[in-house]
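Down below is the structure, laid out as structure tokens.
The values are calculated or read from the model by the stated rules, or taken from the named source; none is laboratory data. Source: prediction; values computed, not measured. Reconstructed Cβ throughout: ideal geometry from the backbone, glycine too, with neighbour counts over all protein chains shown. Heavy atoms of the whole protein, side chains included, go into the accessibility calculation; ligands, DNA and RNA do not. Shrake-Rupley method; radii C 1.70, N 1.55, O 1.52, S 1.80 Å.
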Amino acid sequence: MLHKICDMINRHRTFLITSHVRLDGDALGSELALYHMLVAMQKEVAVYNEDKTPDRYRFLPGSSVIVHEFPEAATYDCVFVLDCSTLARIGSASARLASMKNIINIDHHIETGESYDINFHDAKASSTGEMLYRLSQSMGIALSQDMATNLYAAILTDTGGFCYGNTGKDTLFIAGCLVDKGADPQWISENVYENEPLAKIRLLAKTLETLSFDLDEKVASMVIYQQMLDSTGALAEHTEGFVDLPRSIRGVQISILYIELSENNFKLSLRSKAKVNVEKIARVFGGGGHPNAAAFRMEGSFDNIKQDVIKTIKAHI
Ligand SMILES: [Mn+2]
């Protein structure tokens with residue numbers, strides 16, 4: 001698969017890179033690492049995301065090149081869709097993108113059967129960043145500090161700081177190689193994890209007050225209502241990472257964060273420890289993800305949704 005992508009890159013000149021809505025460190029770090037690689041090969045490259053870059057990722061080298069208006073008029077020889085299992089997750093431009101040629105998908109989510117022209121898929125990879133490192137090696141690209149910083153940030157964030165089960169020998173080996181190429185672990189971690197706006201911490205305090213337990217305290221749940229965002233001045237992006245906290249409680253196997261998107265419309269993020277598979281639960285409700293991290297949406301009141309979800313979990317664990 002890698003040689004097909006190398007060939008595609010070598011034979012073409014103009015590239016569009018994109019990823020999913022609700023951007024995370026892996027999506028952005030992967031996009032920007034690939035951007036720097038293609039630019040180093042004298043290619044013309046545009047990066048498009050529907051969503052704005054969250055504050056915490058603005059330090060990533062090259063982040064100012066990302067555009068948020070779909071470049072309608074431009075044509076591209078190839079499109080890279082990164083960290084994104086279905087085109088629908090790109091957002092409102094997905095239909096437009098689907099009609100473009102030479103779409104190359106690089107992704108580590110559980111496969112959905114979406115058809116791409118080239119599909120480089122590895123559900124065992126920690127992150128899309130790790131897969132792009134492999135691509136850089138097979139292309140023979142000398143990694144610059146900017147590329148290394150972006151790839152390191154991608155891997156760091158998708159492994160929860162090298163803590164999750166997806167952290168393998170290769171992950172740590174690659175992270176070491178990236179440090180060798182100039183990625184600074186302390187500087188990157190401080191930017192990602194220790195640069196929080198006060199509004200986020202205020203929202204976290206309110207969210208923790210909603211903590212409740214089910215199934216012999218194996219399942220911990222928290223809920224964020226729109227009104228809590230309004231009263232603290234926090235943004236939806238500030239909820240990233242909240243769902244990890246209840247999982248850190250002794251005895252908790254599954255942690256769930258319910259976020260009210262609009263009235264009677266919730267996004268659920270699930271995290272689990274070790275062998276407990278929440279991707280299976282998400283799939284029941286039309287969502288997806290990884291064994292230890294999954295998400296989906298549901299309509300209804302919080303109480304009804306929660307009852308449904310707990311019942312489903314009970315049947316699965
Ligand atoms: Mn990812």
Inter-residue pairs, beta-carbon under 6 Å, first open to solvent by 10 Å² or more (accessible area, probe 1.4 Å) and in region 11-32, second within 9 Å of the ligand (Cβ to nearest atom) and assigned to a helix (DSSP H, G or I), 6+ apart
none
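So that you can scan it fast, the table gives a plain yes or no per residue for (1) assigned to a loop (DSSP other than H, G, I, E, B); (2) without any contact (Cβ under 8 Å) to a residue 12 or more places away in the chain; (3) outside the structural domain of Arg22 (by TED's automatic domain parsing); (4) of a type in the set (A, V, I, L, M, F, W, C):
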{"residue": "Val39", "(1), (2), (3), (4)": "no, yes, no, yes"}
{"residue": "Val45", "(1), (2), (3), (4)": "no, no, no, yes"}
{"residue": "Phe59", "(1), (2), (3), (4)": "yes, no, no, yes"}
{"residue": "Cys84", "(1), (2), (3), (4)": "yes, no, no, yes"}
{"residue": "Ile106", "(1), (2), (3), (4)": "no, no, no, yes"}
Let me spell it out: the conditions are (1) touching a Ser or Thr at 6+ places or on another chain (Cβ under 8 Å); (2) of a type outside the set (S, T, N, Q); (3) under 23 Å from Val243 (Cα atoms), and Met147 meets all of them except one. Which number is the exception?
(3)
Counted residues in region 132-141 being surrounded by fewer than 24 Cβ atoms within 10 Å (Cβ to Cβ) and either hydroxyl-bearing (Ser, Thr, Tyr) or without any contact (Cβ under 8 Å) to a residue 60 or more places away in the chain (or both) come to 4
Given (1) assigned to a loop (DSSP other than H, G, I, E, B); (2) under 22 Å from the mean Cα position of the chain (by Cα); (3) surrounded by fewer than 13 Cβ atoms within 10 Å (Cβ to Cβ), index of the condition Phe173 fails:
(1)
Which ones in region 298-317 are in a helix (DSSP H, G or I) and open to solvent by 80 Å² or more (accessible area, probe 1.4 Å)?
Asp303, Asn304, Gln307, Lys311, Lys314, Ala315, His316
Here's a check for you: in region 143-179, which residue that is farther than 23 Å from Arg58 by Cα and free of Cβ contacts under 8 Å to residues at least 40 places away in the same chain is nearest to the ligand (Cβ to nearest atom)?
Cys163
Could you tell me whether any residue of region 135-152 is assigned to a helix (DSSP H, G or I) and touching a strand residue (DSSP E or B) at 6+ places or on another chain (Cβ under 9 Å)?
yes
